[in-house]
Each structure stands twice: as C-alpha cells, then as structure tokens.
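Chemist: First the structure, then my questions, so here it is.
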Amino acid sequence: MKIITKLITSLAIGMVFQVQAVSDAPTPAKTTFVHLFEWSWQDIATECEDYLGPEGYAAVQVSPPNEHIQGDQWWTRYQPVSYQLDSRGGSRAEFIDMIERCQAQGVSIYVDAIINHMASGSGTGVAGNVFGAKQYLNYSPQDFHATCAISDYGNRSQVQNCELVGLADLDTSQNYVQTTLANYLNDLQNLGVAGFRFDASKHMAAADIQGVMSKVTGSPFVFQEVIDQGGEAIGASEYTGIGHVTEFKYSTKLGDTFRIGKLAWLENFGEGWGFMASSKAVVFVDNHDNQRGHGGAGNVITFADGRLYDLANVFMLAYPYGYPKVMSSYDFHHDTDAGGPNVPVHNINGLECFEGNWKCEHRWSYIAGGVDFRNYTNDNWTVDYWWDNGGDQISFSRGDQGHVVINKEGYQMTNSVATGMAPGQYCNVLKGKLSSDGQSCSDEVITVNADGSINTNIASWDALAIHHGAKLTTVTPPPPTGLQRTVVFIQAQTSGGQDMFVRGGIDHDYANNILGRSCHSANLECAIAFEHNNLRNGTTGPWKANDSYLDWYGTEAGQSSVAEGTPLDWTTNLWPSSWGALRTVDNDGFGEEVLNLWGAHFWMLDVNMDCSQTVNNHFEIKAYVKNGQGWEGDIQQANIPYASKNHVAQCGKINTFYFNSSDALVSDF
C-alpha cells in the first residue's frame with residue numbers, strides 16, 4: 001500500500017479551448033473531443049445542439065467529407081476519388097450547415113483528412129467522378145509514386161514511397177501535390193473547419209507534410225496518425241514539430257494494465273512510461289482502427305468490455321496527460337469491415353443509441369462525467385494525494401479542484417482516503433448531475449470530511465469523481481419548529497476502543513413514493529434536524545460538533561472525520577464501586593443514567609428533535625459499532641407505520657432497542 005501526498009507532473013498543460021473563469025460559478029475549460037465515427041452531418045449537427053455543446057465537449061472528429069469509392073464498408077471513406085464535398089456523410093450544403101450549428105454551440109469540427117493516397121483500382125465515386133489507372137479529377141499518373149508494395153516496415157523508403165494496401169500513393173514531395181492538398185484543406189478552413197487529423201502520416205515524410213502546411217492559411221489544430229509501438233524505421237517524434245501526434249502506446253499500455261496488470265502501476269502514466277511529451281500527445285482508450293484489431297491493436301479495451309471500458313475512460317479523463325479523444329462507435333457485430341447502421345442516430349422514434357446500432361459511448365454517464373471532471377480540473381495539471389493498495393484500487397486528486405477513486409478489485413472499497421478538496425458535499429459526476437440551484441444532486445453524494453478525507457464505500461468495479469464545480473451549496477435550514485426531547489437507547493455488548501454511531505431519518509423510497517420527497521437528489525429531505533443535549537463526554541463531544549441531523553450520509557460537513565454518523569454515549573443503570581470513581585451522564589457525559597432502567601452497555605442518544613420532520617412522529621435508525629460488530633443487519637420490527645428493515649423510533653419518546661434485534665420498547669418520559 002502506498003500514499004503519495006503530491007506528485008508534480010512534468011507534463012505540459014493539456015489542450016484548452018475556453019479559459020477558466022474564477023468566480024463563484026466557474027466556467028470550465030473544454031478539454032476533450034469525440035470521434036463520431038461514420039455519423040452523418042445532420043446527426044452530428046443535432047448532437048452538437050442536443051448534447052455535445054451542453055455537456056462541454058470541445059470538438060468533433062468527423063469522417064472524411066470528400067468523395068470516395070462506392071460501397072457500404074467503413075473503409076470506403078478512406079479511398080478518396082476527389083476533394084468534392086459529397087460523401088456518405090452528406091452533401092456540401094449539409095456539411096456547411098453542420099459546421100455552423102456546431103460552432104453556435106461552441107463545438108469545433110476536426111476533419112479526418114486523407115492526404116497520403118487516392119483510391120485503388122478504377123470505378124466511379126459516390127459523386128459521379130470516374131477514376132482509374134492513377135487518373136483522377138485532381139491528379140494524373142505523374143503525381144504518384146511508382147507502384148510497389150510495403151513489405152518491410154523497417155525500410156523507410158518502402159513505408160513512405162510504396163503503396164499502403166494497394167492504394168495509389170501520392171508523391172507528396174511534389175509542389176503540385178502539396179498545393180492541391182493545401183487547397184483542399186484551405187477550402188475546409190474557409191467553411192469553418194478548425195482542425196485536421198492526417199491519416200497515415202508516417203507513410204509521408206515529415207518534410208512533405210510541412211510542405212503542405214506551409215501552403216495552408218491560418219493555424220488549424222493538426223494531429224497526425226503515426227502508429228509507433230517501437231522497433232520501426234519511422235518514429236512519432238519525427239512529426240511533433242508539425243503538430244500533435246497520436247500516442248498509440250497509450251492505448252495499448254492502458255489496455256494491458258486494466259486487463260492483466262495492476263492499476264497501482266499507473267502512478268506515473270505518460271512520459272514516465274516513455275510516451276511522447278504530453279503537450280504533443282492525442283490519447284484514447286481505443287479508436288476506429290484498433291477496436292477492429294488494426295492500427296497497432298494489442299490489449300485494446302472497447303465498448304464491448306462494458307464497465308471495464310467505463311473505468312479505463314475515467315482514468316484517461318481524470319489523469320493529466322495528453323489531449324483525450326473519446327470514441328463513439330457502432331456495433332459492427334464482429335464484422336470488422338461493416339459500415340455504420342442503416343438508421344440515423346437521431347431517429348424519428350428517438351435515439352438509436354446503446355443497443356445493437358450506434359453505441360454513443362460519449363453519452364455513457366461515466367465517460368460524460370469524466371469529461372466534466374477534466375474540464376473542471378484542467379487548471380491544476382498535477383497529481384496529488386496518490387494512494388493505491390498495491391493492486392487495483394487507486395485514488396488521486398487534481399490539487400484542490402477534483403478527486404477520483406477507482407476500485408477494480410473484486411470486493412468493496414471501504415477505507416478512508418486523503419484528498420485536496422474543501423470540506424463539504426459533492427455530486428459524484430460519474431453518476432449524477434448537480435441541480436441548477438446547486439442544492440442537490442441527481443444521484444450519489446460524496447462527503448469530504450473536515451480534514452479533507454473521504455470515507456469510501458465503493459462497490460467492486462466502480463468509481464467516483466468529484467470536482468469543485470459540483471459542490472453542493474450549503475443551505476441554512478429554517479430553525480426547527482417542533483423540538484421535543486427524544487432519547488434512543490441501543491444495547492450492544494462492547495469493549496474498550498469501541499464506539500456506537502447511528503444513521504437514520506426517513507426511508508428514501510418511502511419518502512419518494514408516498515411523501516413526494518426526492519431524497520435521492522436533495523439530502524435534507526429525508527434527514528431530521530436535532531440538537532444534542534449531552535456535550536459533556538470528552539470523547540464523543542468533539543464528534544457531535546456540526547452534527548445537526550439524523551441522516552443516512554455519515555459525516556456531515558465540518559463534523560470530525562472519525563464520526564461514522566451521529567455518536568452515542570455509553571450508559572449503565574448502576575456504577576459499581578469496583579469500577580472506580582462514579583461516572584454519570586449528568587456530570588461526565590457517560591456512565592450511570594437515570595433513564596436507563598436495564599443495565600450496562602445501553603448506548604444513549606439524547607437530543608431535542610424536530611418532530612415536524614418525521615412521519616407522524618416516527619423515524620428510522622440503525623446502529624454501527626466502530627472497531628467492533630460494524631453495522632446491524634436487517635430488523636423486522638412489528639407494529640410500525642410502514643415497512644422498514646431498520647429500528648423505528650418515536651419522536652418525543654424514550655425508545656429502547658437491542659443491537660441486531662427486532663425487539664422494541666417505547667415509553668413516555
């Protein structure tokens with residue numbers, strides 16, 4: 001097990017497309033782009049408006065927009081026939097409409113540009129242009145390298161001057177070819193395209209790409225596909241002077257680690273593993289090639305891996321390295337040639353996502369939440385408070401801006417971890433969203449204790465991510481209106497070093513279904529306000545500070561992190577002289593208590609409770625013995641107002657229960 005309080009990364013800051021504003025309502029950066037593989041221009045435009053813009057994605061990588069060969073296979077888009085903007089994605093007019101609508105939502109467009117080659121063979125393109133014998137609308141045979149095949153990737157000349165899988169290889173060293181390619185890229189820029197992915201870049205000399213870029217106007221974002229797993233004649237480092245480069249080692253090593261390694265290894269993932277500089281790297285869990293076994297392949301994790309894919313993406317998006325690309329795929333049903341589904345994503349009957357058609361991984365809550373986390377933590381490009389268990393549980397902060405915990409072990413994670421976060425309650429952005437008023441979360445709420453720690457309770461193969469932009473606003477509740485003294489005794493045989501805590505309130509499902517209270521999203525709806533009457537116990541007194549509610553959530557904001565909920569005090573009905581000096585609840589906060597009629601080990605909660613917040617004066621409660629028995633099991637108490645697996649007590653009464661027992665006694669003062 002290992003704890004590191006601060007790891008300053010030697011990485012440059014990642015790509016940012018909106019400056020973070022310092023205010024009470026922070027405006028996050030945009031740090032992540034998505035590849036909407038084989039989506040139509042109309043679908044992309046709608047997705048920008050409905051989801052990508054509102055969810056903070058920076059950009060979309062679109063499939064090649066120019067004319068290509070006919071056919072349904074995905075790879076037909078990678079065999080250009082001309083630079084006319086008519087393709088399976090849509091027409092030039094639809095392409096322009098998509099750009100404008102996405103720009104209106106703050107989402108940029110990156111075009112997958114095929115500049116290394118033209119289509120093989122002969123035929124007619126989807127826009128009607130005829131090609132064959134290295135004769136195309138834009139090119140003649142003299143614009144190509146001589147026909148030869150690549151058989152040795154250790155031979156630089158072969159890789160860059162021969163034909164990739166039989167595709168007509170452009171002589172990109174020629175001025176005419178460079179000018180023609182630049183004209184195509186400039187046309188796209190004039191329409192509003194913000195960046196380019198250069199396909200098959202290692203099959204072109206870096207000097208040739210620089211020659212093309214010297215003729216391109218403006219400063220588009222460029223990233224180059226260079227598959228470099230090591231051991232070949234051409235390396236990714238040759239291309240970093242031009243722009244960003246795909247770091248394929250990131251994908252394969254991350255897959256190896258999540259599949260067969262230990263997450264603890266990831267402490268210095270990135271440059272520490274021999275990857276290129278963070279400031280030049282485009283990273284991804286998978287892409288359209290390697291999810292099909294092409295493009296370097298390896299132990300790649302894909303949408304087919306379900307929760308493993310969630311967790312790998314959470315790590316990529318939380319850890320400060322590179323410019324991340326999220327993959328958005330379709331189910332190709334093991335046919336690696338299959339093109340996209342024959343139904344639109346935004347169909348007349350709703351989204352065609354998540355099932356057997358489009359997978360829409362960018363909409364998965366853990367991935368979208370991970371993007372949100374990265375956006376809000378981009379200003380702190382460090383890893384702090386790294387912790388791991390030596391295996392598959394890891395925890396780390398991004399300064400005071402966010403914290404993430406991943407549990408890939410086969411068992412629950414229940415330990416306490418340090419964070420750099422301010423005390424308070426936060427929305428787990430992997431599962432829920434903060435309400436517009438900042439007062440509730442649509443799903444899981446995580447409490448950061450007064451000392452900055454989190455008491456984790458994370459299921460196997462699950463994760464949490466919190467950030468400063470998803471902190472619940474502290475709301476001062478109205479003063480209690482129905483305060484009545486309420487006492488609860490719970491008997492449990494305990495020994496030195498053991499303490500009892502309780503949690504409780506109103507059952508979430510009962511409150512939601514019967515009372516119309518949404519306790520899943522607003523924590524106080526099921527909590528019951530009280531004031532402690534006994535602050536005299538030197539041990540439990542400090543734990544009662546800032547403990548103002550009987551609730552289900554454990555430590556309250558500002559409460560001691562030692563507390564597992566609301567603390568109780570040990571009492572007895574008689575203090576024998578053999579125990580030493582007499583201790584009483586009235587004087588010492590523990591010991592002999594006049595209301596205890598039964599004997600030793602009756603732990604006591606004595607509060608003034610707001611009965612108006614109960615259910616006809618009834619409330620639920622469950623006990624936990626720290627350093628002892630832990631939580632009680634299910635309780636089957638009789639004569640209660642609604643079904644519950646907890647003790648049911650009455651406000652304004654003396655309630656007596658027994659640990660792990662359904663027996664109950666309720667009496668008046």
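The values are calculated or read from the model by the stated rules, or taken from the named source; none is laboratory data. None of the values given here were measured: they were computed from a predicted structure. FYI the Cβ positions are ideal-geometry reconstructions off the backbone, even for glycines, and counts take in every protein chain you see. Accessible surface areas use protein heavy atoms only, side chains included; no ligands, DNA or RNA. Shrake-Rupley method; radii C 1.70, N 1.55, O 1.52, S 1.80 Å.
Chemist: Give the residue that is modelled with the highest pLDDT, with candidates limited to residues of region 435-449 that are farther than 20 Å from A418 by Cβ and either crowded, with 21+ Cβ neighbours inside 10 Å or touching a Phe, Trp or Tyr at 6+ places or on another chain (Cβ under 8 Å) (or both).
Modeler: Result: C441.
Chemist: Would you mention how many residues in region 535-580 are touching a helix residue (DSSP H, G or I) at 6+ places or on another chain (Cβ under 9 Å), within 16 Å of N608 (Cβ to Cβ) and of a type in the set (S, T, N, Q)?
Modeler: 1
Chemist: I need a count of the residues in region 346-356 that are farther than 17 Å from G306 by Cβ and not β-branched (V, I, T).
Modeler: Matching residues across region 346-356 total 6.
Chemist: Within the set of pairs 6+ apart or on separate chains, which have a first residue in region 129-143 that is more than 12 Å from D169 (Cβ to Cβ), a second that is among the β-branched types (V, I, T) and assigned to a helix (DSSP H, G or I), and C-beta atoms under 6 Å apart?
Modeler: Between residues of region 129-143 that are more than 12 Å from D169 (Cβ to Cβ) and residues that are among the β-branched types (V, I, T) and assigned to a helix (DSSP H, G or I), the close pairs are N138/T180.
Chemist: With the structure loaded, tell me whether L535 is in a loop (DSSP other than H, G, I, E, B), of a type outside the set (G, A, S), open to solvent by 30 Å² or more (accessible area, probe 1.4 Å) and closer than 25 Å to D451 by Cβ or whether it fails that test.
Modeler: The answer is yes for L535.
Chemist: Quick check on my filter: what residues within region 315-339 are open to solvent by less than 10 Å² (accessible area, probe 1.4 Å) and of a type outside the set (G, A, S)?
Modeler: F315, M316, L317, Y319, P320, Y321, Y323, P324, K325, V326, M327, Y330
Chemist: Of the residues G369, G390, G339, G410, which is closer than 21 Å to I454 by Cβ and in a loop (DSSP other than H, G, I, E, B)?
Modeler: After ruling out the rest, the residue left standing is G390.
Chemist: Still on this model: Go through region 582-591 and count every residue that is surrounded by fewer than 18 Cβ atoms within 10 Å (Cβ to Cβ) and either touching a residue at least 40 places away in the same chain (Cβ under 8 Å) or among the acidic types (D, E) (or both).
Modeler: The number of residues fulfilling the criteria is 3.
Chemist: Let me ask something additional. Considering only region 626-647, state which residues are touching a Phe, Trp or Tyr at 6+ places or on another chain (Cβ under 7 Å) and open to solvent by less than 60 Å² (accessible area, probe 1.4 Å).
Modeler: Residues satisfying the conditions are K626, G630, E632, Y642, H647.
Chemist: Moving on to the next point. May I ask you to list the residues in region 648-669 that are open to solvent by 20 Å² or more (accessible area, probe 1.4 Å) and assigned to a loop (DSSP other than H, G, I, E, B)?
Modeler: K653, F659, N660, S661, S662, D663, D668, F669
Chemist: Moving on to the next point. Please pick out the residue among G432, G399, G410, G424 that is surrounded by fewer than 18 Cβ atoms within 10 Å (Cβ to Cβ) and either of a type in the set (G, A, S) or in contact with a Cys (Cβ under 6 Å, 6 or more places away or on another chain) (or both).
Modeler: G410
A quick yes/no check of all residues on (1) modelled with pLDDT of 95 or more; (2) of a type in the set (S, T, N, Q); (3) touching a Gly at 6+ places or on another chain (Cβ under 9 Å):
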{"site": "F354", "(1), (2), (3)": "no, no, no"}
{"site": "K359", "(1), (2), (3)": "yes, no, no"}
{"site": "D372", "(1), (2), (3)": "yes, no, yes"}
{"site": "T382", "(1), (2), (3)": "yes, yes, yes"}
{"site": "I394", "(1), (2), (3)": "yes, no, no"}
{"site": "I406", "(1), (2), (3)": "yes, no, no"}
{"site": "T419", "(1), (2), (3)": "yes, yes, yes"}
